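Peer 1: This is the structure I want to talk about, given as structure tokens.
The values are calculated or read from the model by the stated rules, or taken from the named source; none is laboratory data. Because the structure is a prediction, the values reported are computed rather than measured. Glycine gets a Cβ as well: all are built from the backbone with ideal geometry, and neighbour counts include every protein chain shown.
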Amino acid sequence: MNNNKNMPDSNPKILIVDDDTDLLELLTIRLTAAGYKTEAVQSAEAALNYLDVARPQLVISDMQMSGMDGMALFEHIHRTQPTLPVIILTAHGTIPDAVAAVQRGVFGYLAKPFDSKTLLANISQALRFGPGAAGQNEVSQASWRKGIITQSAVMEDLLTKAGLVAEGDASVLIYGESGVGKELFAHAIHEASKRRHHPFVAINCAAIPEQLLESELFGHVKGAFTGAVRDHKGLLQLAERGTLFLDEIGDMPLLLQVKLLRVLQERQVRPVGSVQSIPVDVRIISATHRDLKAEIAAGSFREDLYYRLDVVALTIPVLSQRREDIPLLTNYFLSMFSTRYDKNINGFSPEAMEMLVSASWPGNVRQLMNVVEQCVVLSTAPLISPVLVHDAMHKEEEQLVSFEDARKSFERDYLVRVLKITGGNVTQAARLAKRNRTEFYKLLQRYQLDPSVFKPSQG
């Protein structure tokens, strides 16, 4: 009887490698009973022969075998089929051995005798990222959470909660530092929900000036203010029947907090300058890196809005709190960028991987992704060296603290938004930005922005 309710119809195939015939038979029985297809071989050499003619979705191998051992088998698989996950079983394992194996890219490392539930849990996690994982049903686990790469118990618990939350329409508030993947989680909840066929719309409340944020969220009618040359649908309308993700909600001005609260209470939005309200059917997911209870105490965030948004709270841990995910994420990004840049790279050297695992990662997963991308771009060898990792991490840290680059990016985005609102009318845009026309023109020239591009079409 198959008790694994989450097993997909196309049962995954697992290759089992062990020179102990009794254990080989036991594993085959257990995994077959769990609904998996199995192929059992008694040596790493036989496993390689099998891999030449067929591709399983997971390899489970003993560590110590006559001839080629389990780690040597893994190294071969990692070079030739880098996305194929491998779980190593050992009767003589130590914690340093396990850490070293994970650092090299082994998905799981279990000491004998192992608990069947633990083994099955490791298998389930591994199959989410192995070959063929994407070929599942539309709302399967691998589908809605495919962008979230983890083997962390904390993250798995969080994803379980996210899956349960997705079944309803309750508002969700996601806490976490910059770069941990708050928008990724929000999008995953949307994809797992009944709203997945409708828009997912995201906005960063901290990145838009107050006078523009109101129009972006609620929309405006023609003539609502100087420069409003046509009706403009807000994001609440654009997200109709879907999900609106409000990133950095803690930075939303108090006046707009009042208006958002009214929308949540009445399920209607009134565009700026309009006397009529428009019904909206939108799920709100918000996120912040701030302590909103502290902000409430300080008077900068409304308590009534907080309780509207914080029906369900999810806190994403920083990367340094789930270091077991670093090798997995690193290899995932390596495969992605190697394909993108057409590079033949087998992996990171053990020393390079150790640097990555032990780093502090103030920029979290986003910083790790950037570091891996730079290493791939600059690598001229099949194995990425510690020198490349060191240089990439140093550069990334510099980028993180570059205020000038952040200011320039903000200025350009601001100018684009103002031009959109005013339909490319420079005089009106300058007035809205509270700058004189000459100064505003100089800003446009600095960022090579052509106002005519933003003028409404005559057709």
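Peer 1: Taking Arg145, is it at pLDDT 90 or above and crowded, with 16+ Cβ neighbours inside 10 Å?
Peer 2: Spelling it out, it is not the case that Arg145 is at pLDDT 90 or above and crowded, with 16+ Cβ neighbours inside 10 Å.
Peer 1: Farther than 17 Å from Leu254 by Cβ, assigned by TED's automatic domain parsing to the domain that holds Ser178 and either surrounded by 12 or more Cβ atoms within 10 Å (Cβ to Cβ) or among the charged types (D, E, K, R) (or both): is that true of Ile284 in this structure?
Peer 2: Answer is yes for this residue.
Peer 1: Take the residues in region 32-84 that are closer than 27 Å to Pro327 by Cα and of a type in the set (Lys, Arg), then tell me which one is surrounded by the fewest Cβ atoms within 10 Å (Cβ to Cβ).
Peer 2: Here the residue is Arg79.
Peer 1: While we're on this one: For region 256-273, which residues satisfy the criterion of being more than 24 Å from Ala166 (Cα to Cα), touching a helix residue (DSSP H, G or I) at 6+ places or on another chain (Cβ under 9 Å) and of a type outside the set (Val, Ile, Thr)?
Peer 2: Scanning region 256-273 gives Leu256, Gln257, Lys259, Arg270, Pro271.
Peer 1: Only helices (runs of 4 or more DSSP H) wholly contained in region 298-380 count here; list those with 1 or more residues that are acidic (Asp, Glu) and not assigned by TED's automatic domain parsing to the domain that holds Gly179. Break it down into steps so the answer makes sense when it comes.
Peer 2: On the way: elements: 303-309, 325-340, 350-358, 364-378.
Qualifying helices (runs of 4 or more DSSP H): 325-340, 350-358, 364-378.
Peer 1: Take the residues of region 191-224 that are outside any loop (DSSP other than H, G, I, E, B) and touching a Pro at 6+ places or on another chain (Cβ under 8 Å): which is surrounded by the fewest Cβ atoms within 10 Å (Cβ to Cβ)?
Peer 2: Of region 191-224, the ones outside any loop (DSSP other than H, G, I, E, B) are 191-192, 200-204, 210-218, 220.
Adding the requirement that they be touching a Pro at 6+ places or on another chain (Cβ under 8 Å) leaves 210, 213, 218, 220.
Details: Glu210: 12, Leu213: 22, Phe218: 24, His220: 22.
The selected residue is Glu210.
Peer 1: Please go through region 225-237 and pick out each residue that is crowded, with 16+ Cβ neighbours inside 10 Å and without any contact (Cβ under 8 Å) to a residue 40 or more places away in the chain.
Peer 2: Gly234, Leu235, listed by residue number.
Peer 1: Would you mind finding the one in Ile149, Ile203, Ile208, Ile174 that is farther than 17 Å from Met252 by Cα, touching a Phe, Trp or Tyr at 6+ places or on another chain (Cβ under 9 Å) and of a type in the set (Val, Ile, Thr)?
Peer 2: On the way: Ile203 fails: farther than 17 Å from Met252 by Cα; Ile208 fails: farther than 17 Å from Met252 by Cα; Ile174 fails: farther than 17 Å from Met252 by Cα.
Testing whether each residue is farther than 17 Å from Met252 by Cα, touching a Phe, Trp or Tyr at 6+ places or on another chain (Cβ under 9 Å) and of a type in the set (Val, Ile, Thr) leaves just Ile149.
Peer 1: When region 257-284 is examined, which residues are found to be part of a strand (DSSP E or B) and either modelled with pLDDT of 95 or more or out of contact with any Leu (no Cβ under 6 Å at 6 or more places or on another chain) (or both)?
Peer 2: Gln268, Val272, Ile278, Pro279, Arg283, Ile284
Peer 1: Restricting attention to region 139-176, and to residues there that are aliphatic (A, V, I, L, M) and in a loop (DSSP other than H, G, I, E, B), which single residue is nearest to Arg323 (Cα to Cα)? Let's see the steps before the verdict.
Peer 2: Start the filter on region 139-176 by keeping residues that are aliphatic (A, V, I, L, M), which leaves 139, 142, 148-149, 153-155, 158-159, 162, 164-166, 170, 172-174.
Of the ones still in play, those that are also in a loop (DSSP other than H, G, I, E, B) are 139, 148-149, 170.
Values: Val139: 29, Ile148: 15, Ile149: 12, Ala170: 31 Å.
Only one residue tops the list, namely Ile149.
Peer 1: Okay, moving on. Starting from region 55-67, keep only residues that are in the same structural domain as Leu24 (by TED's automatic domain parsing), then list their pairs with residues that are of a type in the set (S, T, N, Q) and part of a loop (DSSP other than H, G, I, E, B) whose Cβ atoms are within a distance under 8 Å, requiring at least 6 positions of separation or different chains.
Peer 2: If the second residue must be of a type in the set (S, T, N, Q) and part of a loop (DSSP other than H, G, I, E, B), the pairs left are Arg55/Gln81; Met65/Ser43; Ser66/Ser43; Gly67/Ser43.
Peer 1: Sticking with this structure for a sec: Restricting attention to region 38-58, and to residues there that are polar (S, T, N, Q) and at pLDDT 85 or above, which single residue is nearest to Asp22 (Cα to Cα)?
Peer 2: Taking the candidates together, the pick is Gln42.
Peer 1: Do you know which of the residues in region 177-190 that are charged (D, E, K, R) and part of a helix (DSSP H, G or I) is nearest to Gln276 (Cα to Cα)?
Peer 2: Glu183
Peer 1: Do you know which residues across region 75-110 are among the small types (Gly, Ala, Ser), modelled with pLDDT of 75 or more and more than 29 Å from the chain's Cα centre (by Cα)?
Peer 2: Result: Ala91, single match.
Peer 1: Considering only residues of region 225-256 that are of a type outside the set (A, V, I, L, M, F, W, C) and assigned to a helix (DSSP H, G or I), which is nearest to Leu173 (Cα to Cα)?
Peer 2: So the first thing to find is which residues in region 225-256 are of a type outside the set (A, V, I, L, M, F, W, C), and the list is 226-227, 230-234, 237, 240-243, 247-248, 250-251, 253.
This time we only want the ones that are assigned to a helix (DSSP H, G or I), so: 237, 250-251.
Numbers: Gln237: 21, Gly250: 11, Asp251: 14 Å.
By that ranking, first place goes to Gly250.
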